[in-house]
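Each value in this text was obtained by applying a stated rule to the coordinates, not by laboratory testing. Predicted model, so just to flag it, every value in this text is computed and none were measured. Cβ atoms come from the backbone with ideal geometry, glycine included; neighbour counts cover every protein chain shown.
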Amino acid sequence: MNDELICIGCGAVLQDQDPKKSGYLPSSALTKARENEASDVYCQRCFRLRHYNEIMPVEQNNDDFLALLNSLSQQKALVVNVVDLFDFSNSLLSSLKRFVGDNDFILVGNKFDLFPKNTKQSKIKDWMRQEANRVGLYPKDIFLISAAKKLNLPELIDYLNQASKDRDVYFVGTTNVGKSTLINAIIDQMGDIQDLITTSRFPGTTLDKIEIPLDNGHYLVDTPGILSANQLASHLNVKDLDLISPKKPLKPATYQLLPGNTLFLGGLGRIDYLAGPSTSFTVYAARGLYLHRTKTANADAFYEKHVGELLVPPRGDENLPALSGQEFSPDTKSDLLFGGIGFVTVPAGCVVKAYTPDQIGLGIRRALI
Ligand code: GDP
């Protein structure tokens with residue numbers, strides 16, 4: 001008996017090894033399907049999509065993703081890059097610029113619910129546009145949304161409805177930006193599409209994409225999430241990821257610092273205050289992150305002793321790269337960025353050294369708040 005079974009929804013080879021990869025089916029179900037020589041088996045993802053209108057994320061390697069992007073430039077499409085506002089530089093897909101071609105491209109900044117209430121949307125959009133331009137991307141429009149809290153979704157859906165009159169809409173993004181949550185929210189708004197769902201993939205490749213048919217004959221297309229080595233998320237275990245992923249609007253925590261002071265953001269971030277007046281630094285991060293102020297002279301020894309215990313996350317046995325730092329001396333009030341963790345607002349005229357594991361997600365921008 002040929003034991004390679006194919007999902008009739010998406011055509012992926014069924015497997016019971018990796019729930020994140022395409023074609024996954026729990027062992028018991030796969031064994032049963034093999035025993036019955038079944039020919040009408042859905043993988044778990046297609047099953048959920050059909051029965052619960054629910055998209056589950058799939059990871060794919062970057063070569064496959066590039067192949068998918070390549071096909072984009074040969075057709076009329078709207079390309080939607082969903083980005084995580086808390087890990088923006090790592091979720092912006094700069095590789096898109098080669099593939100967007102003449103197609104329209106928009107940026108959707110997700111997790112806006114986490115910003116404090118008084119945040120100016122125009123400031124965030126300006127910053128996103130500048131960053132996109134810097135890597136050669138020119139978004140036609142920018143939306144700030146919360147997929148989970150359904151914030152600003154009607155505006156985005158109106159836009160997509162309009163745009164999809166004469167083309168398909170492709171959603172792209174790195175993993176963990178909330179692309180699945182967003183597509184599920186959109187499906188939810190579209191009502192009952194249970195029987196309409198079809199899934200398909202490019203013939204001759206192992207590529208997955210999920211096509212959600214619209215009334216106007218076009219499709220919303222979900223593409224695999226890209227795992228980026230430059231995302232802290234791909235170095236942390238699920239528990240720690242949960243701890244640093246804020247669920248509620250960020251509550252600023254202010255620390256009065258002098259040169260010679262160091263502030264730890266759990267075991268994942270560190271700021272040394274090198275020069276400037278006595279001043280306050282404001283941390284915007286998840287509440288589960290342990291913040292600790294100490295003297296820079298003792299900071300290395302303190303870290304060695306307490307990482308994984310007091311300074312968490314990381315907890316336990318995660319194989320994180322060592323902390324590595326970069327100096328910044330902003331001439332305007334700025335946010336030091338700790339991608340995936342949060343940001344720290346520092347005043348103009350101070351000199352700091354900021355650290356993350358292998359400098360992942362480290363950056364700076366003009367203060368947003
Ligand atoms: P995907 O890998 O891009 O498909 O991302 P998911 O949809 O699986 O979401 C990744 C994580 O982000 C999950 O922990 C979600 O709960 C969280 N998330 C998604 N959307 C939002 C949002 O609008 N706000 C917040 N705070 N978290 C979100």
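How high is the relative contact order of the range 240-366, in percent, counting Cα pairs under 8 Å that sit 6 or more residues apart? Intermediate results must be reported in sequence, preceding the final value.
Numbers: 298 pairs, mean separation 36.1, N = 127.
Averaging sequence separation for qualifying contacts and normalising by length gives 28 percent for the range 240-366.
Where both partners of a DSSP beta bridge lie in the chain, what percent of those bridges are antiparallel, to the nearest 5? Let's see the in-between values first.
Values: 48 of 72 bridges.
Taking every DSSP beta bridge within the chain, about 65 percent pair in antiparallel fashion.
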_Between 0 and 90 degrees, rounded to the nearest ten: what's the tilt of helix 153-163 against the longest Cα principal axis of the chain?_
50
*Among Met190, Ser22, Gly339 the positive-end extreme of the charge dipole of the chain (Cβ point charges)*: Gly339
_Amide H partners (placed H, <5 Å) of Tyr290, local residues excluded_ = Gly266, Val312
*asked:* When only alpha-carbon atoms are used, what values of Rg and Dmax, in angstrom, describe the range 240-366?
replied: 13.4, 40
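Using only DSSP helix segments of four residues or longer, with each worth -39500 (n - 2.57), what per-residue ellipticity at 222 nm results for the chain after dividing by its residue count and rounding to 500?
So the calculated ellipticity at 222 nm is -7000 deg cm²/dmol.
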*May I ask which residue of Leu68, Phe171, Phe112 lies farthest towards the positive end of the charge dipole of the range 44-187, with charges of +1 (Lys, Arg) and -1 (Asp, Glu) on Cβ and the Cα centre as origin?*
Phe112
*Between Thr356 and residues 5 or more places away or on another chain, which pairs have amide H atoms under 5 Å apart, with H built 1.01 Å from N, and which residues are they?*
Ser324
*Cα-based Kirkwood hydrodynamic radius, the chain, one decimal, Å*: 22.1
*Going out from 0 in 5 Å bins, what whole percent of all Cα-Cα distances in the range 1-48 drops into each bin?*
5, 27, 38, 24, 6, 0
*For Asp104, enumerate residues with amide H under 5 Å from its amide H, sequence gap 5+ or separate chain, H modeled in the peptide plane.*
Ala77, Val79
